[in-house]
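Okay, so here's the structure we're looking at.
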Amino acid sequence: MADGTLSPASTREREALAGELIGATIAIERSPGLHGGPLAGTIVDETMHTFVVRFPGRSRARRIPKAGLEATLLLGERSIRLRGDTLRVRPEDRTRRVLLAGRKRSH
């Protein structure tokens, strides 16, 4: 979500997303930053608002905005549906936010 909160996810998905995404394969179905249909590549860098993805057969990596991104993230043997808006946080803050999103707060 745009305010930095994360949508509900299963415990396994939260744990997977809390880890490092660099090096993971991403299959992008829709992105305002890409034209020409679905593409798959490897995440080589991440910022608060973008992924930098290297696509096979292309000489340069592309900066893909997280806003409006719909993709599938392949982490090991896990396949996780991803909406980029839910990950619009600083990569170093993602671990804390993702893991805390699944916990119920006690008053």
If you take the residues in the range 1-33 that are hydroxyl-bearing (Ser, Thr, Tyr) and part of a loop (DSSP other than H, G, I, E, B), which one is modelled with the highest pLDDT? 31
Go through (1) modelled with pLDDT under 90; (2) on the phi < 0 side of the Ramachandran plot and name the single condition residue 36 misses. (2)
Starting from residues that are within 13 Å of the chain's Cα centre (by Cα) and over 22 Å from residue 76 (Cα atoms), keep the ones in the range 39-62 and report whichever is modelled with the lowest pLDDT. 48
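Of all residues in the range 63-90, how many are β-branched (Val, Ile, Thr) and at pLDDT 90 or above? Walk me through it before giving the result.
Taking the range 63-90 and keeping what is β-branched (Val, Ile, Thr), we get 64, 72, 80, 86, 89.
Next cut, at pLDDT 90 or above only: 64, 72.
Selection size over the range 63-90: 2.
The values are calculated or read from the model by the stated rules, or taken from the named source; none is laboratory data. Computed from a prediction, not measured in an experiment: that's the story for all the values here.
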